[in-house]
Amino acid sequence: MAGSLLQWFKGIVGREHGAAPDLAERFRAFQAVVEGNNRTLEAMTEMGEKLGGDYLFDVNYTRRAYAELFAAISDSLSHFDQLTEHRYPQLGETLARIDSLVQRMLTSDEAVSSRLVVFYPEITWDLAEEVGGKNYHLAELANSLQIRVPEAFAITTAAFSAFLRHNGLEERLAGLAAADDAALAGLRAAILAGGFPEEFTAALAAALATIRPRLGEEAALAVRSSAEEEDGDFSFAGQFETVLNVPCTTEAVQHAYREVVASLFQASAISYQRQLGFNPGKLKMAAGCVAMINAKCSGVIYTAAAGKDRSRMAISAAWGLGKGVVDGLTDADLYTVAKGEELQVVEQRTGGKEKMVVNRGGQGIETVETPAEQRVLACLSQAEVLELARQAAAIEEHFKAPQDIEWAMDNSGRCYLLQTRALRMDEPTEEAPALEQAAVAGDYPVLLRDQGVVVQRGTTAGKVFILRQLDELEKIPKGGVLVARHDSPHFVRAIPFLNAIITDVGVPTSHMASICREFNIPTVVNTGQATTVLRHGQEITLRAGEGSEFAVYEGIVQHLLREERQGAARLRELYEFRRQKYIMRHIAPLNLVNPLEQEFSPEKCQTVHDLVRFMHEKAVQALVEFAERQGRGLARLFGGRTPLHRLNLPIPVQLLLIDLGGGLQDGAGGKKVDVEQVGSLPLRAVLAGMLFPGVWQNEGLALSGGDLMSAMTRATDLTGGGQELAGTNVALAGREYVNMSLRFGYHFNMLDCYCSDKPRNNHIYFRFVGGAASITNRSRRITLMAQVLAEYGFALKAKGDLLVGRLSGLDRREIETILDQMGRLIGYTRQLDALLDSDEMVNTLAGRFQAGDYRFDP
Amino acid sequence: MAKHGIMVIDDEKIVGDMAKLSLEQDGYEVETFLNGESALERLKTKRFDVVVTDLKMKGVDGLEVLRTVKKLYPTTVVIMITAFANLDVAIEALRDDVHDFFPKPVKIKELKASIKRALGTAAK
């Protein structure tokens, strides 16, 4: 009888609301979302810790940990979809995108990127691997330094893999480490005869069709190698083939491409890779297709003369194409430029330039005798030399190392840079390092020492940039030392380009700190005085060790830097480490903070953490909407009970209650209900804590932004409909269950609890994230909460301003006691971040809280 | 005093690389090997103070490395690491005189402490 009534009722509601499942079903989906989100965040913090550099891990670990995380978030997402009736299809796409990025990094053997061709202006710093070092560096000159480079596009490592796969050559690569010369020759022959996958040919044809009209009639390209690490950490100079003067046709470029790829497997190149400790079968090669400059003259710049004199640069120049100079075919003009404050040509020698290499249209290139009258002329004017030197200095500054640069000038006098790579320096060998170190470091005044916390160790140097306003972030020169009052997550976008960060205030657990560690940027926080001691524009050297051991020297202490470079050479080999650690960038950062902002949209979800945050907010909202709709429906049908109620609380908090059955005492109902009418055991316990005398303080906190308080405790008017429900405080309550989502200002509490007479079923999940004060203060608040919760046996994971806790298996009485304390903690810590100006305060206040003393004053 | 020599064997390069980098910072001399075979080859000519080896490897595995080390250099300390904490194997390994046994991921600090203990330099 009751069953048939329910059936009938469901039919009515179903018709009314598009066959929506009932509240209980929705609620089960909601619970699954909560559970999935929690598992996701736990896996996230766990992974962040293990990949942080303090653990030895292998790729199996990373795969396993990520698989667990992905399973959790997928689970959450599928229930979320069900709950919201597929209202946010974009989230699935976002997750798929994140997953493909992560998988790509996990499967180092296989570039999964679909991009086979990338034009230079689209090459961003995260594409370095896909386009190879040579392409990346040249594109960087144009994109970051606005230096003129020829029209060009890259054929990616993904294209390389596709090419090898298409020709069945992948297995052969696996055995390459042991391959002899004959096997290599066989491999090269197979490459030279190789065919191209259809999508490769199509992508290349499209790129050529784009570039051809820009180049004009006699368009020709140089097709050159750009191996993953080439021109980066290791020079590979001259190891691989470059094919010049290739006509702009698909066939011709493919022909040249095969030659370039085959050169990766020359015996000499393979042995060079082995020497460097590379696994030869693993190196992937991208290629660059760069417009040929019909060069009037061209040459090479060493930004450190003769590979050792950093105070001067050497520029060579000869008529015709650069190959003449690069291959040493001709006696070039030579200019020496002193660097100093102002660039100055200090020496000029006009060479014989007997030979020149010229472009023979479609027929490749040719070496010819230079006409006699041309030989005696200097290729460059003083002004042109200085212009080249200026660009070279900027490039050296940008890459933080002496450079070996190829340039060319066309007939109209326009100068192009064709290539730049690290110049191999003849470093003096050190005989008595200990002695020298003492002498050298001793000569430099120490500006700061040992007062602060080292976030990332290392030695580096650069010019101080004192950041007063966030909007000046763009102005920091690459390779500068960022000095600021506070650490800030906003620095993140600048971090990859900085040499060091030093702050007056900060914690080693912040988001910024974790990014600094990811990028190995030497960083010291909490120095107390960096912004007052260091001067804007001052050159300094930072040497950061363990713990609080660091020193900032005035000036550039070459000796220390040299020492660091030797260590860094080893660090760079940890390519796999960097790659795996980098995965966290797609997982951990939280970009969506405030649900009331426009930014809080599915489109803005970039990371797994964003997805979790977004899903929770919208899941709560969906339940509230549904309950409200159902309530209206029921009321109309029966004049019956609505499951949606507003709680009357003696504190300025508006809280909606959705009754899942037993959430209210028997007989209680109506739009507004009192605390006494609450039937949910766990909710009663939490509310008792929140309402405990002295816990809820509104006075005495100088919180920046006076209107924050009003925003803090608002539950939106229910008559308003969906949009306004964003950010509402909600309790979903059953007799033995509660899920509370509380958003006070800029932080967010989630508490999910089952509290019954069966301890096995009982649990508390707790989550806290965000805040309005500085990240330092916010993470102090997290520390305080963690201290308190740890006392009750919570398994806790904390990172920055996120805290995730889990507790289970306790009996009902214990759970209720803990919930009462948690209610107090939620109330008590609500504005606490504004107060926690020191680590001592954390201990003091945590101790007081545990003793039942809720006063803030010192 | 001569530096202590440490051999690290793991079929994944990243493990050896990270171990080498961290242990060299503490003044050890570290050699890394990607498989048991090459490590045994090296052991013919060189004694190490500590051998840190992965348990599960294709071909010559960690237990075989352990037995060979103990035969050639009874005083060399062996520390075993593995992807899964398998108790049976751990017990067998310990019976065979493994100094320590770590499941991966291994906290580098703990590995360092274990090495220090093994070398008897912990109390300095």
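Residues are listed down the side, and each one gets a yes or a no for (1) at pLDDT 65 or above; (2) within 14 Å of chain B (Cβ to nearest Cβ):
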position	(1), (2)
A:Glu554	yes, no
A:His559	yes, no
A:Arg579	yes, yes
A:Gln598	yes, no
A:Leu634	no, no
A:Pro643	yes, no
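For every residue, the table says whether it meets (1) surrounded by 19 or more Cβ atoms within 10 Å (Cβ to Cβ); (2) more than 18 Å from B:Thr82 (Cβ to Cβ); (3) within 14 Å of chain A (Cβ to nearest Cβ).
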site	(1), (2), (3)
B:Ala2	no, yes, no
B:Met7	yes, no, no
B:Asp11	no, no, yes
B:Lys20	yes, yes, yes
B:Glu31	no, yes, yes
B:Asn35	no, no, yes
Which of the residues belonging to segment A:791-808 are farther than 19 Å from A:Ala43 by Cα and in contact with a strand residue (DSSP E or B) (Cβ under 8 Å, 6 or more places away or on another chain)?
A:Tyr792, A:Gly793
Test: A:Val788 is farther than 22 Å from A:Asn38 by Cα, surrounded by 16 or more Cβ atoms within 10 Å (Cβ to Cβ) and under 35 Å from the mean Cα position of the chain (by Cα)
no
Going through segment A:822-849 in order, the residues found to be under 17 Å from A:Gly770 (Cβ atoms) and part of a helix (DSSP H, G or I) are A:Leu825, A:Ile826, A:Gly827, A:Tyr828, A:Thr829, A:Arg830, A:Gln831, A:Leu832, A:Asp833, A:Ala834
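Determine whether segment A:45-65 contains at least one residue that is closer than 15 Å to B:Pro105 by Cβ and modelled with pLDDT of 90 or more. Working first, answer last.
Initial filter on segment A:45-65 (closer than 15 Å to B:Pro105 by Cβ): A:45-65.
Next cut, modelled with pLDDT of 90 or more only: A:65.
Yes.
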Selection from segment A:822-858 of residues over 20 Å from A:Asn749 (Cα atoms) and among the aromatic types (Phe, Trp, Tyr) yields A:Phe856
Filtering segment B:81-108 down to residues that are within 14 Å of another protein chain (Cβ to nearest Cβ) and at pLDDT below 85 yields B:Thr82, B:Ala83, B:Phe84, B:Ala85
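Rundown of residues vs (1) of a type in the set (Lys, Arg); (2) within 14 Å of chain B (Cβ to nearest Cβ); (3) touching a residue at least 60 places away in the same chain (Cβ under 8 Å); (4) assigned to a strand (DSSP E or B), yes/no style:
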{"residue": "A:Ala24", "(1), (2), (3), (4)": "no, no, yes, no"}
{"residue": "A:Val33", "(1), (2), (3), (4)": "no, no, yes, no"}
{"residue": "A:Asn38", "(1), (2), (3), (4)": "no, no, yes, no"}
{"residue": "A:Arg64", "(1), (2), (3), (4)": "yes, yes, no, no"}
{"residue": "A:Phe70", "(1), (2), (3), (4)": "no, no, no, no"}
{"residue": "A:Ile73", "(1), (2), (3), (4)": "no, no, yes, no"}
{"residue": "A:Ser78", "(1), (2), (3), (4)": "no, no, no, no"}
{"residue": "A:Asp81", "(1), (2), (3), (4)": "no, no, no, no"}
{"residue": "A:His86", "(1), (2), (3), (4)": "no, no, no, no"}
Segment A:353-370, subset part of a loop (DSSP other than H, G, I, E, B) and modelled with pLDDT under 80, residue surrounded by the fewest Cβ atoms within 10 Å (Cβ to Cβ)
A:Arg360
Which condition from (1) surrounded by 20 or more Cβ atoms within 10 Å (Cβ to Cβ); (2) more than 21 Å from A:Trp407 (Cβ to Cβ) is the one that A:Glu170 breaks?
(1)
Which one of A:Leu683, A:Leu691, A:Leu708 is modelled with pLDDT of 75 or more and within 40 Å of the chain's Cα centre (by Cα)?
A:Leu683
Residue count for segment B:63-79, restricted to those that are in contact with a strand residue (DSSP E or B) (Cβ under 7 Å, 6 or more places away or on another chain) and modelled with pLDDT under 90
0
What number goes with the only condition from (1) of a type in the set (Val, Ile, Thr); (2) out of contact with any Leu (no Cβ under 8 Å at 6 or more places or on another chain); (3) outside any strand (DSSP E or B) that A:Thr336 does not pass?
(3)
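Being exposed (fewer than 13 other Cβ atoms within 10 Å of the Cβ) and either of a type in the set (A, V, I, L, M, F, W, C) or in contact with a helix residue (DSSP H, G or I) (Cβ under 9 Å, 6 or more places away or on another chain) (or both), is that true of even one residue in segment A:818-838?
yes
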Considering segment B:20-56 alone, what residues qualify as being in contact (Cβ under 8 Å) with a residue 24 or more places away in the chain, outside any loop (DSSP other than H, G, I, E, B) and of a type in the set (A, V, I, L, M)?
B:Leu23, B:Val30, B:Ala39, B:Leu40, B:Leu43, B:Val50, B:Val51, B:Val52
What strands (runs of 3 or more DSSP E) lie completely within segment A:637-689 and have 3 or more residues being within 15 Å of A:Met740 (Cα to Cα)?
A:644-648, A:655-661
Pairs under 9 Å by beta carbon, first residue under 16 Å from A:Gly53 (Cα atoms) in segment B:2-19, partner assigned to a helix (DSSP H, G or I) and at pLDDT 90 or above, six or more apart or different chains?
B:Ala19/B:Leu111
Which pairs turn up if I take residues in segment A:543-557 that are on the phi > 0 side of the Ramachandran plot and look for partners that are of a type in the set (Asp, Glu) with beta carbon separation below 8 Å, at least 6 apart in sequence or on another chain?
A:Gly555/A:Glu539
Looking only at segment A:749-780, which residues are closer than 24 Å to A:Val33 by Cβ and in contact with a Pro (Cβ under 7 Å, 6 or more places away or on another chain)?
A:Cys753, A:Cys755
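The values are calculated or read from the model by the stated rules, or taken from the named source; none is laboratory data. None of the values given here were measured: they were computed from a predicted structure. For neighbour counting, all protein chains shown are included, and Cβ atoms are generated from backbone atoms with ideal geometry for every residue, glycine included.
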